[in-house]
Every structure is written in C-alpha cells, then in structure tokens.
Ligand code: PMP
C-alpha cells in the first residue's frame, strides 16, 4: 500500500511522522473521509469546502490549494490501483515544541490514505442496524464544536465503545440539553407519525454531514417534508422509520434503538433508491 505524505507518494512502511507532531500529541488537526466510486470521488468539492471550514475554526492554514489536494487524492488512489475506495485526508498542526502555542508549528503534516472500499455488512441493510442511546453526551458546541471534523475523536470513540459493548452498531449522543445530536460516525434521520422527515439541526451540535445535506436535498426535490430541529429520545422512540447517513454507509436503515424496534420503512427505501440513482448518474460516463 502506498500513501501520500507531505508531498510524496511513499510505501506505507516508509511513511513516518514526528512524535512531536501536534496531531499525535494533542489531536490538533482535521480530516475528511471520502468515497471513490469507480475512480471518482463523490462530492469532492463539498468535502474540501468542509475541510476549509474545519481549518478556519482551528486557525490552521492548509498548505495546498484545492486543485493540488485533488491531484494528490487522485494520485494516491491511482498509486494503489483502486477504483472503489475509501480515502482519508488528514492535516495536522505538524511538529513543534511541546505546549499549546499554535504559532510555533509552521509545517502542517498532510497525509492521504486510500483503501479498498469495504461496505458495512449487508445484513445491517436488510435487517436494520441496532443502535443505542449513549450515556456519553456530544461535545458541547461552545467547547469543541462538532461542526469541526477534528482529530479529537475521543468523544465519538467513547460513545462507539459503549455501543460495541452492548452489541450495537451505532450510538446516538444527546447534547447537554438532552436533545438528539448524531451518532459516533453518522447523522440520524427519522420519519415521524405525520410522515415528516426529521433530523437534528446543525445548531444542536452536529457535524453537518455531506450525506446528510445530500439526503435533505433529494428529499425536498422529491416533495418530502423535511424538518431540521430539536428532538428528544421520545420523538425518536415513537418514529415510524429511522436511518443513519455517512459517506461510507450512505443510507443505513435502523432496526432498533435500545428496546424499540422499527420496520424497514417506505420512505427510507425510496430515499436509498433515489440516492443510488443520483450516484449512478453522477458517475455515468
Ligand atoms: N457525524 C460524525 C460525527 C461523523 O464522524 C460523520 C462521518 N464523517 C458524519 C456525521 C457523517 O458525515 P458525512 O456524511 O460527511 O460522511
């Protein structure tokens, strides 16, 4: 396997980063996970836009233009002879003296990793994924805004670990006010009793998923009512259908949340179909 590190494509064995890198020492950095379908990255501009937004939040200067980043991403896919791939672009604050002064780190580390696309298990899609409501609360917006796709992932890891221990696939996190935010690596949607597609608003303290934005767009385009707002566990336990979204899973139906079970829903199926149609259209030669 070959990776891109600071301007060069190198075998992964030769890709090493300083132990003084602040990404390593403090989780100081940002990333994007993207998906290549048939050698084309889906929503690449949107991912790079979000990367820029994350960089802005933490005052990290990305040392490349988007054009350069695109070239490096495709070079990495090509170097590994991949067509369907998961690609991760990581930019850290880079090495510097220990301590928290960001001004002393002047060379961000840029790392791109592409691996063959591995889907979530098919049975999650047929039976629906099992999900829990985690005891771990989502980071407070005013402390570490979840809109930043940062390397500081312990909040998510703790929630995911709780799900794993309870044999669930994903963990829903609430915010400090008790409203639903998102899961450890995905956004959440549900269809309420009035057949409205609901999802927590960005203001609840979530990462504004690229897939989330796309699903909202497709739903509205097809005449479905979409409501972004504040919701409680009561709303979601009482929902007709629930699904999760992210770049890798796309639309993943939820079969249960804690002890509440859900039928595979009509709207979830329709949106999944529309999503795939859009993807195929996008990549049609
Ligand atoms: N929320 C969190 C916390 C995530 O890590 C992810 C995955 N990037 C998402 C939501 C979904 O985002 P996207 O649709 O852009 O993959």
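The values are calculated or read from the model by the stated rules, or taken from the named source; none is laboratory data. Just so you know, these numbers come straight off a predicted model, no measurement behind them. Note: ideal-geometry Cβ built from the backbone for every residue, glycine included; neighbour counts use all protein chains shown.
Taken together, 14, 45 contain a single residue that is within 15 Å of residue 69 (Cα to Cα) and exposed (fewer than 15 other Cβ atoms within 10 Å of the Cβ), which is 45. Within segment 60-82, the set of residues being exposed (fewer than 14 other Cβ atoms within 10 Å of the Cβ) and part of a loop (DSSP other than H, G, I, E, B) comprises 61, 65, 81.
Which of the following residues is assigned to a loop (DSSP other than H, G, I, E, B) and either modelled with pLDDT under 95 or on the phi < 0 side of the Ramachandran plot (or both): 19, 3? So that I can check it myself, show each step before the final result.
Working: 3 fails: assigned to a loop (DSSP other than H, G, I, E, B).
Just one listed residue meets the conditions, 19.
Within segment 167-217, which strands (runs of 3 or more DSSP E) (wholly inside it) include 2 or more residues that are more than 9 Å from the ligand (Cβ to nearest atom)? First the steps, then the outcome.
Details: elements: 170-174, 180-183, 187-191, 197-200.
Output list reads 170-174, 187-191, 197-200.
Remark: pairs (first residue in segment 189-208, on the phi > 0 side of the Ramachandran plot; second residue buried (at least 16 other Cβ atoms within 10 Å of the Cβ); Cβ separation under 6 Å; 6+ apart in sequence or on different chains) = 205/138; 205/141; 205/146; 205/175; 205/181.
Within segment 140-166, the residues that satisfy the criterion of being within 12 Å of the ligand (Cβ to nearest atom), in a helix (DSSP H, G or I) and touching a strand residue (DSSP E or B) at 6+ places or on another chain (Cβ under 9 Å) are 155, 156, 159, 160.
In segment 42-59, how many are farther than 23 Å from residue 214 by Cβ and either modelled with pLDDT under 95 or assigned to a helix (DSSP H, G or I) (or both)? Don't jump to the end; show me each part of the working.
Quick first cut of segment 42-59, residues farther than 23 Å from residue 214 by Cβ only: 58-59.
If we keep only those that are either modelled with pLDDT under 95 or assigned to a helix (DSSP H, G or I) (or both) too, we end up with 58.
Going through segment 42-59 one residue at a time, the tally reaches 1.
A Cβ distance below 9 Å, combined with a sequence gap of six or more or placement on separate chains, defines the contacts here; from segment 149-163, residues that are at negative phi reach residues that are part of a helix (DSSP H, G or I) and crowded, with 19+ Cβ neighbours inside 10 Å in the pairs 149/50; 149/51; 149/54; 150/54; 151/23.
Which of (1) surrounded by fewer than 20 Cβ atoms within 10 Å (Cβ to Cβ); (2) at pLDDT 95 or above; (3) at positive phi does residue 39 not meet, given it meets every other one? All conditions are met except number (2).
What is the residue count in segment 233-249 for residues that are touching a helix residue (DSSP H, G or I) at 6+ places or on another chain (Cβ under 6 Å), outside any loop (DSSP other than H, G, I, E, B) and within 16 Å of the ligand (Cβ to nearest atom)?
So the count comes out to 3.
Considering only residues in segment 83-103 that are over 16 Å from residue 51 (Cα atoms) and touching a strand residue (DSSP E or B) at 6+ places or on another chain (Cβ under 9 Å), the one that is surrounded by the fewest Cβ atoms within 10 Å (Cβ to Cβ) turns out to be 83.
Just wondering, is there one or more residues in segment 81-98 that are in contact (Cβ under 8 Å) with a residue 60 or more places away in the chain and within 14 Å of the ligand (Cβ to nearest atom)? Please lay out each step first, then the result.
First pass over segment 81-98, keeping only residues in contact (Cβ under 8 Å) with a residue 60 or more places away in the chain: 86, 90-98.
Now restrict to residues that are within 14 Å of the ligand (Cβ to nearest atom): 86, 90.
Looking through segment 81-98, at least one residue is in contact (Cβ under 8 Å) with a residue 60 or more places away in the chain and within 14 Å of the ligand (Cβ to nearest atom).
Count, please, the residues in segment 250-267 that happen to be within 24 Å of residue 278 (Cβ to Cβ) and outside any loop (DSSP other than H, G, I, E, B). Can you show your working first?
Restricting attention to segment 250-267, the residues satisfying the condition of being within 24 Å of residue 278 (Cβ to Cβ) are 250-254, 264-267.
Going one step further and asking which of them are outside any loop (DSSP other than H, G, I, E, B), we end up with 250-254, 266-267.
The number of residues fulfilling the criteria is 7.
Quick grid of which residues meet (1) buried (at least 18 other Cβ atoms within 10 Å of the Cβ); (2) touching a helix residue (DSSP H, G or I) at 6+ places or on another chain (Cβ under 8 Å):
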{"site": "126", "(1), (2)": "no, no"}
{"site": "129", "(1), (2)": "yes, no"}
{"site": "147", "(1), (2)": "no, yes"}
{"site": "190", "(1), (2)": "yes, yes"}
{"site": "200", "(1), (2)": "yes, no"}
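Against the condition more than 19 Å from residue 160 (Cβ to Cβ), at pLDDT 95 or above and in contact with a strand residue (DSSP E or B) (Cβ under 7 Å, 6 or more places away or on another chain), how does residue 214 come out, does it pass? Taking the combined requirement at face value, the residue does not satisfy it.
Go over the candidates 44, 25, 20, 51 one by one and state the one that is in contact (Cβ under 8 Å) with a residue 24 or more places away in the chain, over 19 Å from residue 250 (Cβ atoms) and within 16 Å of the ligand (Cβ to nearest atom). Walk me through how you get there before you give the answer.
Working: 44 fails: over 19 Å from residue 250 (Cβ atoms); 25 fails: within 16 Å of the ligand (Cβ to nearest atom); 20 fails: within 16 Å of the ligand (Cβ to nearest atom).
From the options 44, 25, 20, 51, the qualifying one is 51.
You will find that of 260, 226, 279, 248, the residue that is within 21 Å of the chain's Cα centre (by Cα), surrounded by fewer than 20 Cβ atoms within 10 Å (Cβ to Cβ) and free of Cβ contacts under 8 Å to residues at least 60 places away in the same chain is 226 and no other.
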